[in-house]
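Read-outs throughout are calculated quantities, based only on the coordinates presented, and are distinct from any laboratory measurement. Every value quoted in this text rests on a predicted model; they were computed, and no experiment measured them. All Cβ positions, glycine included, derive from the backbone under ideal geometry; neighbour counts span all protein chains shown.
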Amino acid sequence: MKERYISAPDDVEFVDRLIETSVNLLGRIYGKFYFPTFSNSLKEIGRYLGFEWTWPRASGAAAPLLRRCWELGTDEGLKRELIAYNMDDCRAAATVADALVRICGGRASALAAVDVSSLEVGFEQTWGKFDSALPAFARINDAAYWDYQRDRIYIRSNPYLRRATKRKCRDSRRTLRVNTTIVPSRPRKCPTCNSKRISMNGRHHRFLFDIRFSEGGLRRWITKYIVDHYKCSCCGVSFASDVRPVKRHRYGDNLLAYVIYNIIELSISQYKLAKIIHKLFGYSLSQSEISRMVRRAVETYHDAYREINQRILNSKLIHADETHVSVRGQHSYVWVFASMEEVIYIWSETREAHVATEFLENFKGVLVTDFYSAYDSLDCPQQKCLVHLMRDLNDDIHREPFNVEIKEIVHEFGALLEPMINTIDLFGLKTHFLRKHKIAVTRFYKTLLLRKYNTELAQKVQRRFIKNQGKLFTFLDYDNVPWNNNNAEYAIKSFADLRDVIGGRITESGIQYYLILLSIYQTCAYREIDFLRFLRSGEIDGYAGKRGR
């Protein structure tokens, strides 16, 4: 609209300043303020705060119809009514903004606002840390733990427990056998002055704990590196016996691949994985050591993650979705952006639209999403998920089974969509074959716009179809654009499995590490690449060329 109607430079600068300083009130309200309304719509919150529209039928969906009637009939009264409605919307938004300022400033006595952090939890604690009212209760509670009673009390009267405890101590002190020892060779001369007058000046060794893969299974493999140190009698320089690459990590690459495979693909918690590795290989890996191995894997494959990011932005199709996650007990979100071959996950503290707009700023392909309004501001063709719409309409029928109007809308929508699905089953997502259904779409909307519904639910569904008129059937105009968002939802399910394991204990850096590795795993899954084999190969360059290996 700025390009169409504004020509003066001062006006352009003024509008740009308005856009830059604008605030998303809905983003400030969502998840932070809970008004006693059924939704966060401007009409409901505004009326709760005491604002009333002069137009009794004030509705965002009815405003375009009012403008259309004015364009067709040139009735100046309709024009004045529309302008007054828009001015009322601005006043209502100002009323909401003023209420938020008063609440944040502690001046919300008239609104009866309550800070939820001041409310007491009204349930009895069954599990978790025991909050002792007396010091004696804390001591008694500690003595009731199972490990304490078994190791300190029952062992005194049970001979089997005494033998088991001794056996456990012997197993914990057991040394692991070394499989290979790398012995250094003796140098003939000093590398600095070439003198042969050198003498040994000490020896040290280090161990590399790893595993070996075979067709029959896994085997523990420990390598001992011995390094001798020498000193030159002529120049006094100290030097090592062999200059060979010794890994600076205590655990080898195969064990690293095995750890990442279990955490990311199999969704095994670090605590359980530490017990598995100790049971199978005898390695005493702590959770902190596993966390360092995760960080080491992220450093290794960060270039692959950036390559996935760039390939998604250069693609012609992106599926987008988001879901919640608890980080240190705080509610946050994970966004997923997926093409047909790549997936990337991004963590954000909020569900505000800036995450999607910043990531997709230069994207010009087709974006497939659900009906979350955060995607509406993006400047690219969009396809809304018709499966989401179909399920919502199906729920509407179950909610009001005797509503004839909603049944009529849903029946016509099903009759419109079913031939399109049949065409896709026969010829695929080719616009050459799908273009013929655009006539039926025009006929469907023409009928929908002319109808006047009496029930509130039918009016709501009508407004929803009108609002998304240009985004429901975009797949008819583009090749290989699906009519649903299943690609992103499948990626969300993989994260949901991981979310169940990490719970709410993970930190911000930890969730970002997990999402980088999960992006690589899910991309491997989309390309039918074995994730464990990819990790074992250690290949990073040329990631874009890998297919089904």
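In a fully extended conformation the segment linking F371 and F213 would gain 52.2 nm over its present Cα-Cα distance, using 0.36 nm per residue.
Given the choices (1) 3, 13, 16, 15, 13, 12, 10, 7, 5, 4, 2, 0, 0; (2) 3, 11, 17, 20, 17, 13, 9, 6, 3, 1, 0; (3) 3, 17, 27, 26, 18, 7, 1, 0, P(r) over Cα pairs in 10 Å bins from 0, in percent derived from the coordinates of this structure is entry (2). Taking other C-beta atoms within 10 angstrom as a stand-in for reagent exposure, W335, W221 fall in the order W221, W335, fewest first. A simple charge model with +1 on the Cβ of Lys and Arg, -1 on the Cβ of Asp and Glu and nothing else charged puts the dipole of the chain at about 4440 debye relative to its Cα centre. Against the chain, whose longest principal axis comes from its Cα atoms, helix 270-281 is set at around 30 degrees. For V12, the shell of other residues with beta-carbons less than 11 Å away shows a net charge of -3, using +1 for Lys and Arg and -1 for Asp and Glu.
Helices in the chain, meaning DSSP H runs of at least 4 residues, each add -39500 (n - 2.57). Divided by all residues, the mean residue ellipticity at 222 nm is -14500 deg cm²/dmol.
Each of V368, V237 has some number of other Cβ atoms within 10 Å of its Cβ, and from fewest to most they run V237, V368.
Computing FRET efficiency as 1/(1 + (r/R0)^6) for C234 and V183, where r is the C-beta to C-beta distance and R0 is 30 Å, gives about 0.65.
Taking the Cα atoms only, what angle lies between the long axis of helix 159-172 and the longest principal axis of the chain, rounded to 10 degrees? Taking the Cα atoms of the chain, the angle to 159-172 is about 90 degrees.
Split the chain at each of the GluC sites (Glu not before Pro) in a DSSP loop with at most 16 other beta carbon atoms within 10 Å, and the longest piece is 362-527.
Once you've got the Cα coordinates, tell me which of K316/K436; K32/K364; K2/K316; K224/K272; K407/K471; K79/K467 are over 25 Å apart. Those over the limit are K32/K364; K2/K316; K224/K272. Listed by Cβ neighbour count within 10 Å, with the fewest neighbours leading, D376, D210, D500 appear as D500, D376, D210. In the chain, taking the dipole from charged Cβ atoms about the Cα centre, the farthest positive-side position among L66, A94, T447 is held by A94. Simple spin-label estimate for N309 and D479 gives 3.1 nm between the two label positions (7 Å along the Cα-to-Cβ direction from each Cα). At an R0 of 30 angstrom, the distance between the Cβ atoms of T455 and H331 translates into a FRET efficiency of 0.25. How far, in degrees from 0 to 90, does helix 9-20 lean away from the longest principal axis of the Cα atoms of the chain, to the nearest 10? Between the helix axis and the principal axis of the chain, the angle is about 60 degrees.
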